[in-house]
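Input: a single structure, listed below in structure tokens.
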Amino acid sequence: GVPIGAYLASKTSNLAQKRTWLLWITVCLIGVVLLTLSRAGWIVLCLGMLGTLYIFRDTISVQVFVSRYRRFLVGVGIMLIGLVGYMGIFVRSEVVKSSNFARIEQSRIATHYWVQAPWFGYGPGSFLSMQQQTEFITKWFGTPLEAHGLVLKFLFEYGVVGTVLFAIFLGYVCMQALHTAARVRKSDRILLSILVLIVVQAVVFQLFDTSY
């Protein structure tokens with residue numbers, strides 16, 4: 001939400017009211033991500049903010065933005081302080097501790113199996129099958145879920161070879177997109193960079209997600 005919101009706001013430079021609404025909508029999206037209490041979502045949100053600042057580093061004057069939207073930034077700051085305080089309490093709750101324990105045990109068991117077939121793995125879909133056949137997981141955690149992270153799933157199912165090849169493929173696609181962005185005019189370059197950032201955010205989220 002942050003990259004595309006910033007891009008749309010930058011395209012409404014002569015429409016101050018619309019730009020303000022876009023900024024508030026972006027802030028609402030940020031609030032939604034924070035309130036989902038998804039730590040993967042928080043990581044992706046930070047990545048989106050940092051990437052957006054880098055992409056617009058030569059386009060937006062920080063001093064002008066702060067002076068123009070001082071009240072807006074104060075309101076956002078107050079909201080974020082409240083949310084961060086709540087999240088600080090939440091991450092120490094029993095729910096989060098239980099989730100962490102489940103992830104650690106799932107990773108430990110998956111790693112135990114993976115080292116027995118490290119190069120090519122066990123094949124597509126084998127991760128869930130392994131968990132269903134592991135009594136400890138079904139007894140203590142109920143219905144098996146996908147791996148808590150794309151890397152663990154790929155290593156287990158496709159091994160080191162498959163994981164490395166997939167990483168090379170993703171890197172090649174992103175590099176080609178960035179090379180293309182470097183050859184086009186500035187406005188199109190920003191849009192292409194934003195789209196690449198969105199793809200990178202999606203990939204990073206899958207590093208910690210449990211559904212694919």
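The values are calculated or read from the model by the stated rules, or taken from the named source; none is laboratory data. In this text, all values refer to a predicted model and were calculated from it rather than measured experimentally. Here the Cβ positions follow ideal geometry from the backbone for every residue, glycine too, while neighbour counts run over all protein chains shown. Only protein heavy atoms, including side chains, enter the accessible area calculation; ligands, DNA and RNA are left aside. Shrake-Rupley method; radii C 1.70, N 1.55, O 1.52, S 1.80 Å.
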Tell me, which residue of the range 80-99 that is open to solvent by 60 Å² or more (accessible area, probe 1.4 Å) and part of a helix (DSSP H, G or I) is modelled with the lowest pLDDT?
-> Val95
Looking at (1) open to solvent by 100 Å² or more (accessible area, probe 1.4 Å); (2) assigned to a loop (DSSP other than H, G, I, E, B); (3) among the hydrophobic types (A, V, I, L, M, F, W, C), find the lone condition where Ile104 falls short.
-> (2)
Is it the case that the range 195-202 has a residue that's more than 21 Å from the chain's Cα centre (by Cα), loosely packed, with under 14 Cβ neighbours inside 10 Å and of a type outside the set (Asp, Glu)?
-> no
Log entry, pairs with first residue in the range 73-93 being within 26 Å of Leu23 (Cα to Cα), second being open to solvent by 40 Å² or more (accessible area, probe 1.4 Å) and in a helix (DSSP H, G or I), beta carbons closer than 8 Å, six or more apart or on different chains, reads Leu73/Val66; Leu83/Leu35; Met87/Trp42
Candidate set from the range 128-146 (those that are open to solvent by 50 Å² or more (accessible area, probe 1.4 Å) and of a type in the set (A, V, I, L, M, F, W, C)); member that is modelled with the highest pLDDT = Leu128
Members of the range 40-79 that are exposed (fewer than 11 other Cβ atoms within 10 Å of the Cβ), at pLDDT 75 or above and among the small types (Gly, Ala, Ser) = Gly77
State whether one or more residues within the range 147-158 are loosely packed, with under 13 Cβ neighbours inside 10 Å and in a helix (DSSP H, G or I).
-> no
Selection over the range 147-174 where residues are touching a Ser or Thr at 6+ places or on another chain (Cβ under 6 Å) and on the phi > 0 side of the Ramachandran plot yields a count of 0
Restricted to the range 94-103, and to residues that are over 16 Å from Leu128 (Cα atoms) and hydrophobic (A, V, I, L, M, F, W, C), which residue is nearest to the chain's Cα centre (by Cα)?
-> Val96
Given (1) among the β-branched types (Val, Ile, Thr); (2) over 26 Å from Ser38 (Cα atoms); (3) modelled with pLDDT of 75 or more, Val204 misses just (2)
Quick one: would you say Phe120 is surrounded by 12 or more Cβ atoms within 10 Å (Cβ to Cβ) and not in a helix (DSSP H, G or I)?
-> yes
Every residue from the range 166-197 that is among the charged types (D, E, K, R) and part of a helix (DSSP H, G or I) | Arg183, Lys186, Asp188, Arg189
